[in-house]
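The values are calculated or read from the model by the stated rules, or taken from the named source; none is laboratory data. In this text, all values refer to a predicted model and were calculated from it rather than measured experimentally. All Cβ positions, glycine included, derive from the backbone under ideal geometry; neighbour counts span all protein chains shown. Please note that ligands, DNA and RNA were not included when accessible areas were found on the heavy atoms of the full protein model with its side chains. Shrake-Rupley method; radii C 1.70, N 1.55, O 1.52, S 1.80 Å.
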Amino acid sequence: MKLDVFFSPSQVDEMLLREKNVVVIDVLRSSTTIAVALRNGAREIIPVGSVESAVKVSGNLFGDVVLRGGERNGKIITGFNLGNSPKEYTEEAVRGKSIIYCTTNGTAAMVKARYAQKMVVAGFVNISLAVQYIKECREDFFIICAGKQQLFCLEDAICAGMIVKMLCDDDSLYVELNDSAVAARALHKTIGRNLLKMARSSEHGKHLMEIGFEDDIKTCVKIDSIPALPLLVGNVLKLKKDEQKPSAAAETKAS
Ligand code: MLT
């Protein structure tokens, strides 16, 4: 299989992504927030490219079964129900809801990949599920880092490098890498040892700490802490059936 890493969505044309298999990475914080929301029972996540689109899509459904979530400059958008801290997407807040979701970089990358043959959203919190999915597909994949304002960002590149390493370490696979994949793997090897330290030192990590979201950084670097893989179904992100978490009530009943 061929693995091509792109450090920013600007490096790849939307038309090129049609019929391709894509992993979108936005470690701080969209990949994490979406995984948490779906794990906590959100019906679906509808990524949109602008606040205007979010308002249009939610229309008069807004409020009961539909929520608006996302951020600008890391903070909640005026008129939205939720910001982009994973902590806000509790089971109580999101179970059964459709979430129209708009963020600065993450949803821009997801919207760009909306016509992909297959698309999953990965971060450190669900990295093994993402790697397993790629292995099961056994096809070429584009790994697209959401980046920051269409530029390189450290945490996404290192997450991409970790995915590349995990696939290359599987002797049953023959993996061809583009130069960015080789570079991402090398980055993971050199500065991916302490993910929390790396994320806190990144540009966006520093910004999140300045605006009071230091805890989110710890959440976003916890490897395999959220067993949920967001998968593109049509033009929305849903959780694969076998990972659906029963509601707290159902779990109590079963015990
Ligand atoms: C992004 O789109 O880059 C993130 O959502 C930013 C954030 O959560 O602060």
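The trypsin sites (Lys or Arg not before Pro) of the stretch 1-64 meeting both criteria, a DSSP state outside H, G, I, E and B (loop) and at most 13 other C-beta atoms within 10 angstrom of the site's C-beta, are Arg18. In whole Å, what is the distance between the alpha-carbon centres of the stretch 179-207 and the stretch 96-123? A separation of 22 Å, based on Cα centres. Tell me which of Leu38, Tyr101, Asn84 sits at the most positive position along the dipole axis of the stretch 2-232, charges placed on C-beta atoms (Lys, Arg +1; Asp, Glu -1). Of Leu38, Tyr101, Asn84, it is Asn84.
How many nm separate the modelled label positions at Met1 and Ala186, each set 7 Å beyond the Cα in the direction of the Cβ? Roughly 2.4 nm, to one decimal.
Taking every Cα-Cα distance in the chain and sorting them into 5 Å bins starting at zero, the pair-distance distribution P(r) comes out as 1, 7, 15, 19, 21, 17, 12, 6, 3, 1, 0 percent. The share of accessible area on the chain that comes from carbon and sulfur is 53 percent, using a 1.4 angstrom probe.
Modelled label positions at Lys222 and Arg72, each set 7 Å beyond Cα in the direction of Cβ, lie 3.1 nm from each other.
Using r as the Cβ-Cβ distance of Ile211 and Glu136, and R0 as 22 Å, what FRET efficiency do you calculate, to the nearest 0.05?
So the FRET efficiency works out to roughly 0.05.
Extending 7 Å from Cα along the Cβ direction at Arg193 and again at Arg95 yields two label points whose distance is 4.4 nm. Solvent exposure of the stretch 71-196, expressed per residue, is 42 Å² of accessible area, with all protein chains present and a 1.4 angstrom probe.
Cross-link candidates for Lys189: which lysines have Cα within less than 26 Å, leaving aside residues fewer than 8 places away along the same chain? Candidates past the 8-residue exclusion: Lys2, Lys135, Lys148, Lys165, Lys197, Lys206, Lys218, Lys222. Computed over the chain, the per-residue total of -39500 (n - 2.57) for DSSP H runs of n ≥ 4 gives a 222 nm mean residue ellipticity of -11000 deg cm²/dmol, rounded to 500. Taking a point 7 angstrom from the Cα of Val57 along the C-beta vector, which residues in the stretch 225-239 have backbone N less than 20 Å away? In the stretch 225-239, the label zone of Val57 (backbone N under 20 Å from the point 7 Å along Cα→Cβ) covers 229-239.
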